[in-house]
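Below is one structure, written out as structure tokens, with a few remarks after it.
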DNA sequence: ATCAAGATTACCT
DNA sequence: GGTAATCTTGATA
């Protein structure tokens, strides 16, 4: 009944966790009596400051990125482009500086809530449903994730992941990442093949 | 104190 | 396919 992912899922190598994150269920429950918002992770990108110039941690520890240097199992939420928040899953052991950007999700429950947060209305079309969670900043807007959530412990009860069947390798697409200018050649974006909620298909 | 860049999105043609 | 919007962060002085 309780198939929440535990610490040891997160403390592994960032690329292994990134691949395994596909298909897992992201859960956010604001308080004990509030509705559970749930969505299936369908697209992620790995960042590793040790060898990856695009990672926020490539420059070393700063006030913004310090949570990425903790051991795996925390949320890293950052603000960018004057408008947007993006959420990441911290991975690895302490001082690794690795994390995984959540780029695309398939809504499971809380669709009216996502719709309200994204479009200020509760009833949406099928086309708008696809547009709820198919981008890193869209996910944060839909779940209302902002800087208050930076450092959230994923082993606790507010935000966590539920296990699910592993996605077979032939259903996973591995390709280059989106929206970066450095280390563009690293094939560290992973998504579920033929899933409608992926933000952008590989060329 | 000032500056440039940014793990994006929505809207335009 | 192109780009304006918008402001925090980290670096430099």
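The values are calculated or read from the model by the stated rules, or taken from the named source; none is laboratory data. As the structure is a computational prediction, the values presented were derived from the model and not from experiment. In this analysis, Cβ positions are derived from the backbone assuming ideal geometry, glycine residues included, and neighbour counts consider all displayed protein chains.
Below is a table of values for the structure above.
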read-out: Given (1) within 14 Å of DNA strand C (Cβ to nearest atom); (2) touching a residue at least 60 places away in the same chain (Cβ under 8 Å), number of the condition residue A:29 does not satisfy; value: (1)
read-out: Test: residue in the range A:85-97 that is modelled with pLDDT of 95 or more, under 24 Å from residue A:178 (Cβ atoms), within 9 Å of DNA strand B (Cβ to nearest atom) and part of a loop (DSSP other than H, G, I, E, B); value: yes
read-out: Single match in A:103, A:147 (criterion: within 15 Å of DNA strand B (Cβ to nearest atom), within 26 Å of residue A:193 (Cα to Cα) and in contact (Cβ under 8 Å) with a residue 24 or more places away in the chain); value: A:103
read-out: Test result for residue A:134, in contact with a strand residue (DSSP E or B) (Cβ under 6 Å, 6 or more places away or on another chain), closer than 25 Å to residue A:82 by Cα and near DNA strand B (Cβ under 10 Å from one of its atoms); value: yes
read-out: Selection from the range A:71-84 of residues that are without any contact (Cβ under 8 Å) to a residue 60 or more places away in the chain and either in a strand (DSSP E or B) or surrounded by 19 or more Cβ atoms within 10 Å (Cβ to Cβ) (or both); value: A:80, A:84
read-out: In the range A:38-70, the residues that are assigned to a strand (DSSP E or B) and away from DNA strand C (no atom under 16 Å from the Cβ); value: A:38, A:39, A:40, A:41, A:42, A:43, A:44, A:45, A:46, A:48
